[in-house]
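Only one structure is covered here, and it is reproduced in the block below.
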Amino acid sequence: MIKYLIVDPEHHYENFQKADFVCYRNNDKQNFEEKAKIFMTQAKNEGIENIFLSEHYLLAAKLGADGVHLLSHQYIFVPEAQRRGLKVLISCRTEAEIEEAIRKKVDYVVYSPVLSLPERSESEGLEDLTKMVSRYRISIIASGGIITPEQVEKVRKTGASGFASVRFFTKKS
């Protein structure tokens, strides 16, 4: 099961060793390139082999990242990212978006939200994930509200290829 750490500069991480994939995401966009370089150096020093940047496929290629994590409105960039030899993950929230990801031949779908909607129970989110995993032949990584080992186990039982999280990997006080 893929363990996908999405690095947010506001959190502090024990280390990257628990993750198979790591992605640098900086929502404020300030000094993104400089901070991405630091992030990539740290990830490489910790032996991570699948390093992604969020949204910026040109910068990912320039810095030698393994891939890019695109947002659901960025399908237009999939062919360019692939031509640059990048693995492509794309965020999806609907079946239509998953179908578009399949048409574009992306490597992974990051499907969310699975556990983080107040108007939906955890079991409903897991049922929906199970349905998407069984319906579509693409690697689906679950995201959204996955913060405990027990939740990871529930996701594993759906047949998902992995899980993505910010908070699962953060230092515990």
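Quick notes
- Between the beta carbons of Asn27 and Arg137, assuming R0 = 22 Å, the FRET efficiency works out to 0.10 to the nearest 0.05.
- For the range 68-149, alpha-carbon Rg over 2.2 N^0.38 Å: 1.12
- Report note on the peptides 125-136, 67-78: ranked by the mean count of other C-beta atoms within 10 Å, highest first, their order is 67-78, 125-136.
- Under-5 Å amide H pairs with Tyr111, H placed in peptide plane, nonlocal only: Cys92, Ile141, Ala142, Ser143
- Beta bridges per DSSP with both ends in the chain, % antiparallel, nearest 5: 5
- Residues whose amide H comes within less than 5 Å of that of Asn50, counting only those at least five positions distant or on another chain, are Val22 (H built at 1.01 Å from N in the peptide plane).
- Placing +1 on the Cβ of every Lys and Arg and -1 on the Cβ of every Asp and Glu, with no other charges, gives the chain a dipole of roughly 380 debye about its Cα centre.
- Counting all C-alpha pairs of the chain, share separated by more than 21 Å (%): 46
Every number here is computed from the coordinates shown, using simple stated rules; none is lab data. Only a predicted model underlies this, so the values are computations on that prediction, with no experimental measurement involved. Glycine gets a Cβ as well: all are built from the backbone with ideal geometry, and neighbour counts include every protein chain shown.
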